[in-house]
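Worksheet: one structure, shown below.
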Amino acid sequence: MNKETYLRFLRAYLTGRLPGGEVEEIMRYYTEYFEDAGEVRESTVMAELGSPEHLARQILGQRSQENMIPVAGPGSGQDPYPSAPYPVASRGGIPGWAYVLILVAAAIFVGPVLAALVFGLGLAGIVCVLVGLGLAAGSLGRLSFPGILYQWGGGLISAAVGLLLMLGAILLVYLTAKVFRWFRSMWVEGGVGDEGSC
């Protein structure tokens, strides 16, 4: 993610939740924050701030607390939103190098088991489907009508079991991807993300 994408996501998370002028003020602040850091430190700044959603939650949380404190009313000449710097989000998650280390360990220890399960389920499913279709097709010219029905039933059951095994392999890949996404959102980005989507 680059600076422009980061700021675009931040704007999207804040728009509609804060007044438009305040969103623009916040966006100016963080645009200047990135510009002060320079292109070389862009990724460091994003790591420091956390994800755009996490930063938006911090800003919105700060604003809701400010709204509970009485501030100067309109027309009093005082700025109801003081120009104090906005918070720099603490990530609260594990460092990126630790995430990479955990992924490498998972690839070494869990990866072969998952690959064997996915490959085994998928291959068994394909074999069952082919055997089932072979049983059904092989019965056509050689058997009586009840024998054909019996063999077709067995072939279709075998094909259905094969399809379920292939579906199991696909589901295993999907769940593995969801676990990695959950792990990244909870531990690396400090609780940001779709916690309920797992």
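Considering only residues in the stretch 28-55 that are of a type in the set (S, T, N, Q) and assigned to a helix (DSSP H, G or I), the one that is surrounded by the fewest Cβ atoms within 10 Å (Cβ to Cβ) turns out to be THR44. Residues in the stretch 1-27 that are closer than 17 Å to GLY61 by Cα, part of a loop (DSSP other than H, G, I, E, B) and of a type outside the set (D, E, K, R): GLY16, PRO19.
Here the stretch 8-27 is the region considered, the condition is being buried (at least 16 other Cβ atoms within 10 Å of the Cβ) and at pLDDT 85 or above, and the residue that is farthest from TYR99 (Cα to Cα) is VAL23.
Annotation note: Cβ proximity below 8 Å between a residue of the stretch 18-44 that is free of Cβ contacts under 8 Å to residues at least 40 places away in the same chain and more than 14 Å from ARG8 (Cα to Cα) and a residue that is hydroxyl-bearing (Ser, Thr, Tyr) and buried (at least 16 other Cβ atoms within 10 Å of the Cβ) (sequence gap 6+ or interchain) occurs for no pair. Look at the stretch 166-177: where a residue is at pLDDT 95 or above, no partner that is outside any helix (DSSP H, G or I) sits 6+ places away or on another chain with Cβ atoms under 6 Å.
The values are calculated or read from the model by the stated rules, or taken from the named source; none is laboratory data. Just so it is clear, the structure is predicted and the values come from calculations on it, not from any experiment. Quick reminder, even Gly has a Cβ in these numbers, built from the backbone with ideal geometry, and neighbours come from all protein chains shown.
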